[in-house]
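The next block holds one structure in the form of structure tokens; read it before the comments.
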Amino acid sequence: MSKLNKKNVEDLQVKGRKVLVRVDFNVPMKDGKITNDNRIQAALPTINKLVENGAKIVLCSHLGKPKNGPEEKFSLKAAAERLAELVNTKVVFAKDDTVVGENAKKAVAEMKDGEIVVLENTRFRGAEETKNGEAFAKELADLVDDDVFVMDAFGSAHRAHASTAGVTKFVKETAVGYLMNKEIEFLGNAVENPVRPFVAILGGAKVADKLNVISNLLEKCDTLIIGGGMAYTFLKAKGYEVGTSLVDNEKIDYCKEMIEKAEKLGKKLLLPIDTTIAKEFPDPIDAEIEVSVVDADKIPADMMGLDIGPKTMALFADAAKSAKTVVWNGPMGVFENPDFQAGTIGVMDAIVKQPGVKSIIGGGDSAAAAINLGRADKFSWISTGGGASMEL
């Protein structure tokens, strides 16, 4: 897109050159196995383009949140092995606790045109997220002779880390990959130049995570729907009893301001009118649990809301059906539990069953819900970034 004012991977002359690519291989893992390789698949167009053009490709990514340096369960080895199954070239995993260690240097020195080296988890190096990250960023750049850096990790693009922003200070040429271009094209155009009516749907747990998003979307959309855990802070701001539901008490005044802002702008702000409740949060998350449905202003003091109710689902679905553009971030309830996924499914189906609607999911739990509930292929675009899509 011209708005990017940034070179695309297609603009690079890479034959025989070393290219550092920041990908997003932060894939879900269980017992050492990848449970969903969507993010690896999303990186393939950029990787394959560089392979075809004869680059020597060095991939770096984070995985999870290791707290005390290297942890085997957060190794990128499984991601590298999965990548090797998906590409038609040699893939070498350089296992170094320091990320840019002797194994990485040796692998890069020996690679041929069109081959790939995958570095170890960038967060194994504590400097990745700190003010001391400049030295780490320089080491990453040195691996490719301070030559070319391609940013294609949209899910990490909002973080000024050594492997995302820091490395750009030390390379001669930078570009964005196909995934970054697509993300900005879909999300940017959907919000800045929407086909109206434009309906935005926000869910998930915390109001604090989406403060600027709520305010900005009210100025851009026609209808803003708020569900999920964050809805209960809004309901409390309206003076409702919300029982033991998740509430951000520090943001109640902010919610009041947003309700007032919607009224002043003449925008619809839809909140739950009924809710599915239980005595406690399910443990484990998919455990069977006794549930009931009450009006949103009648939640008992010892109960918590864990999904929108059927009346709310109909209200939200009706609003979604009228839309020509829908941007959605955050599920309507604890969708991982069968007792609390009806709201998310109902709203999701209302969106995807409408012909001609441009529907975009803003990553994170929303994308997981669409995938897990078998509706991912029905959306126009599923973002690989959660926080990044909202930042954009």
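Worth pointing out:
- Residue 240 - accessible surface, heavy atoms, 1.4 Å probe, Å² rounded to 10: 70
- Karplus-derived 3J(HN,Hα), 6.51/-1.76/1.60, for each residue of segment 294-306, Hz, glycine and proline x: 9, 4, 4, 9, 10, 6, x, 4, 9, 10, 10, x, 10
- In the assembled protein chains, residue 308 presents an accessible area of approximately 10 Å² (probe radius 1.4 Å).
- Between residue 212 and residue 168, the FRET efficiency estimated from the beta carbon spacing at R0 = 30 angstrom works out to 0.75.
- Inter-centroid distance (Cα atoms) of segment 79-109 relative to segment 15-53, Å: 12
- Couplings for segment 44-52, taken from phi via the Karplus curve 6.51 cos²θ - 1.76 cosθ + 1.60 with θ = phi - 60°, read 4, x, 5, 4, 5, 4, 5, 4, 4 Hz in order; Gly and Pro are left as x.
- Computed FRET value (nearest 0.05) for residue 301 with residue 250, which takes r as the C-beta separation and R₀ as 25 Å: 0.75
- Net length gained if the chain between residue 192 and residue 138 were fully extended (0.36 nm per residue, minus Cα distance): 15.8 nm
- Vicinal HN-Hα couplings computed from phi for segment 93-98 (Karplus, 6.51 cos²θ - 1.76 cosθ + 1.60; Hz; Gly/Pro x): 9, 9, 7, 9, 4, 8
- Put a dot 7 Å past the Cα of residue 286, heading toward its Cβ, do the same for residue 220, and the two dots end up 3.5 nm apart.
- Cβ-Cβ FRET estimate between residue 349 and residue 294, R0 fixed at 30 Å, reported to 0.05: 0.80
- Average accessible area per residue (Å²) across the chain - probe 1.4 Å, nucleic acids and ligands excluded: 44
- For the residue pairs 65/256; 49/220; 65/261; 182/321; 251/378, alpha carbon separations beyond 27 Å are given by 65/256; 49/220; 65/261; 251/378.
The values are calculated or read from the model by the stated rules, or taken from the named source; none is laboratory data. Since we're looking at a predicted model, the values are computed, not measured. For neighbour counting, all protein chains shown are included, and Cβ atoms are generated from backbone atoms with ideal geometry for every residue, glycine included. Only protein heavy atoms, including side chains, enter the accessible area calculation; ligands, DNA and RNA are left aside. Shrake-Rupley method; radii C 1.70, N 1.55, O 1.52, S 1.80 Å.
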